[in-house]
Amino acid sequence: MQAALLSGLHFQSLYANGARQTTVRAIDLNVQVVPRRMQVTLEAARLISGDSPRAGDTVLVEATLRPWQQPARNIRIPITLPARLAPGNLRLLVSDAGTLDRALDPPRPPSHPPDLAAVLAQDRRLHSTDRVYVSLLVPETQADLAGQTLQSLPLSVANALEPLRSTQEAGLNGESALVEADAPAGGVLNGFQVINLHIDPGGGLH
């Protein structure tokens, strides 16, 4: 049922788009039936390499996943922190695909229906639901424009987009979600965890 509803939702966003000028002639769906429930829950996430790394360091994230009616298991995901990070507090988002997609494209009321290219671009960048993602939430401006997510924008670019924000043609967020790593979840993952860490001075670019 969930697969049918999701497929219908994506089709409706294209079929009902006012910019579409061609006839929909066919829909191809590739379906694989798995004779068991594939739900996996993200129960916890933690740093196991210290919570005060330096910019440029590689840290290790451990996530606890519990498949449906099975024992929990831990997976470890290494990520390398960007060398440009300034000292200070930072957050890590360990999440399923839906949470990550909402972080990259926060819901907002559009001023007018998006054109077909924007709808297609948005659908194509949706993340796979059977993986666990580790993303950095950094205090850098992120914009959503015409179905594209623009991250870590300079202040001059953010200021130039401000008029579009007032007309709801662009979304601006003071925090950018940077996907740093992902790993197989073994099924359709649900859940998210936020990890706080502190970037110590002394690393990064010199």
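Read the figures in this text as sums done on the coordinates, not as results from a lab. Just so you know, these numbers come straight off a predicted model, no measurement behind them. Don't worry about glycine lacking a Cβ; one is built from the backbone with ideal geometry, like all the others, and counts go over all protein chains shown.
Other residues whose C-beta falls under 15 angstrom from the C-beta of residue 98 contribute a net charge of -3, scoring Lys and Arg +1 and Asp and Glu -1.
With a 10 Å radius around each residue's Cβ, average the other Cβ atoms per peptide and rank 1-12, 48-59, highest first.
By packing density, highest mean first, the sequence is 48-59, 1-12.
Positive contributions from Lys and Arg (+1) and negative ones from Asp and Glu (-1), summed over other residues with Cβ under 12 Å from the Cβ of residue 56, come out at 0. Counting other Cβ atoms within 10 Å as a rough exposure proxy, the listed residues 66, 102 run 102, 66 from fewest neighbours to most.
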